[in-house]
Amino acid sequence: MTPPSDKALVPFVSVENMMRLVNAMGAETVLRELASYIEADFKRWPEFDKTPRVASHSTDGVIELMPTADAENYGFKYVNGHPKNMKEGYQTVTAFGVLSSVANGYPILLSEMTVLTALRTAATSALVAKYLAPKGAKTMAMIGNGAQCEFQALAFKAICGITTVRLYDIDPAATAKAARNLAGTGLTVVACKTGEEAIEGAEVITTCTADKQYATILTDNMVGAGVHINAIGGDCPGKTELHRDILLRSDIFVEYPPQTRIEGEIQALDADHPVTELWQVMRGQAEGRRDPRQITLFDSVGFAIEDFSALRYIAEKVKGTEFFDMLDMLADPDDPRDLFGMLQRAG
């Protein structure tokens, strides 16, 4: 049988190769470099074709497609969110993505994105905090110590200079897991027994829980003046983490309002409640943190441009390395009109 032509082959980054790449480079290096790609794309936000993600909701969870494109490339991510999965031995979130050429529609990268999404979410959080967190912040409370926890902690260390993380989860085993994994990273890790204990002395509060419900992970009396809240758990209709009164006291920053108003913490507010788009802050067109007592809130739901940036980054990093395979994905008949003939001759 004739081997596939070069045009039939697409670079593929498997989970194994993604992990090998990250470990070869070091997680903190990857997080810093990934944040720089995300920042560069946020600064050219108007160039992108933008749409809220296409979501299919069920009683068990959600499956989403997240597309975007600039003049050169098209990217999308397939991702699920199923909170019950952990009890059944599955990941709550899994993902894969494709980056393609706008010029001819051919994929230029297929990649796992379960690990990559964890990295890009953490890189985005810390990048935003660079603009919004109190100057000189050193301590972060991490409420919710699941799969995203360690990525967030390392991103805030690498990008924002955080030195202490205070961990709390309703499941003490999750906190113990995170503390083990963060040992030896240079962070001071404090395991806490309550959310209230975790936020003591914290200038940054990150909430990252998985229940698909309206929840109150932070009550109004837990949030004092001057903190930055990185709310990353609420990411679909009917799923929030913060008491409404916290939102009313905060300056709220979002990725893409048409999506965040449906999925984020601000779904609890009026549809015209004022928010600031992060790309405008990064371009110097809007204010970020303006005074020490201001409460800033990043209402994070994740947006397709962040995944586009991550795919663009990985496509560049694997060039000339051994961290990818070539997959025979695209039919390439000698005569583009003779697809059936190619099939027939292969028999």
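Computed quantities for the displayed model
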| item | result |
| --- | --- |
| Which listed residue, of V10, V79, is assigned by TED's automatic domain parsing to the domain that holds L330 and over 30 Å from M342 (Cα atoms) | V79 |
| Region 247-286, residues that are free of Cβ contacts under 8 Å to residues at least 60 places away in the same chain and of a type in the set (V, I, T) | I252, V254, T260, I266, V275, T276 |
| Among residues of region 2-58, those that are at negative phi and not in a helix (DSSP H, G or I), counted | 23 |
| Of all residues making up region 210-262, the number that are of a type in the set (F, W, Y), modelled with pLDDT of 85 or more and surrounded by fewer than 19 Cβ atoms within 10 Å (Cβ to Cβ) | 0 |
| Number of positions in region 96-126 that are without any contact (Cβ under 8 Å) to a residue 60 or more places away in the chain and not aromatic (F, W, Y) | 7 |
| Qualifying position, being of a type in the set (V, I, T), at pLDDT 95 or above, more than 30 Å from M282 (Cβ to Cβ) and not in a helix (DSSP H, G or I), among V189, V165 | V189 |
| Residues located in region 128-144, provided they are modelled with pLDDT of 95 or more and either over 22 Å from T188 (Cα atoms) or buried (at least 24 other Cβ atoms within 10 Å of the Cβ) (or both) | V128, A129, Y131, L132, A133, M140, A141, M142 |
| Total residues in region 65-83, condition over 14 Å from the mean Cα position of the chain (by Cα) and not aliphatic (A, V, I, L, M) | 9 |
| Residue within region 328-340 that is within 22 Å of A95 (Cα to Cα) and assigned to a loop (DSSP other than H, G, I, E, B) present | yes |
| Of residues in region 156-166 being farther than 15 Å from A231 by Cα and either in the same structural domain as T92 (by TED's automatic domain parsing) or not basic (K, R) (or both), the one surrounded by the most Cβ atoms within 10 Å (Cβ to Cβ) | V165 |
| Qualifying residue in region 38-46 (condition: touching a residue at least 12 places away in the same chain (Cβ under 8 Å), assigned by TED's automatic domain parsing to the domain that holds I108, among the aliphatic types (A, V, I, L, M) and under 30 Å from A286 (Cα atoms)) | yes |
| Selected residue [without any contact (Cβ under 8 Å) to a residue 24 or more places away in the chain and either surrounded by fewer than 23 Cβ atoms within 10 Å (Cβ to Cβ) or over 21 Å from S101 (Cα atoms) (or both)] from R293, R337, R289 | R337 |
| Residues of region 267-301 satisfying the condition of being closer than 16 Å to T51 by Cα and either in contact with a Lys or Arg (Cβ under 8 Å, 6 or more places away or on another chain) or acidic (D, E) (or both) | E277, W279 |
| Which listed residue, of E277, E306, E265, is at pLDDT below 95, in contact with a helix residue (DSSP H, G or I) (Cβ under 7 Å, 6 or more places away or on another chain), under 21 Å from A231 (Cα atoms) and among the charged types (D, E, K, R) | E265 |
| V301 vs. criteria part of a loop (DSSP other than H, G, I, E, B), touching a residue at least 60 places away in the same chain (Cβ under 8 Å) and of a type in the set (V, I, T) | yes |
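Per-residue answers, yes or no, for (1) of a type in the set (K, R); (2) closer than 23 Å to C208 by Cβ; (3) assigned to a helix (DSSP H, G or I):
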| position | (1), (2), (3) |
| --- | --- |
| N230 | no, yes, no |
| Q267 | no, yes, yes |
| R312 | yes, no, yes |
| F323 | no, no, no |
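The values are calculated or read from the model by the stated rules, or taken from the named source; none is laboratory data. Predicted model only: the values in this text are computed from it and were never measured. All Cβ positions, glycine included, derive from the backbone under ideal geometry; neighbour counts span all protein chains shown.
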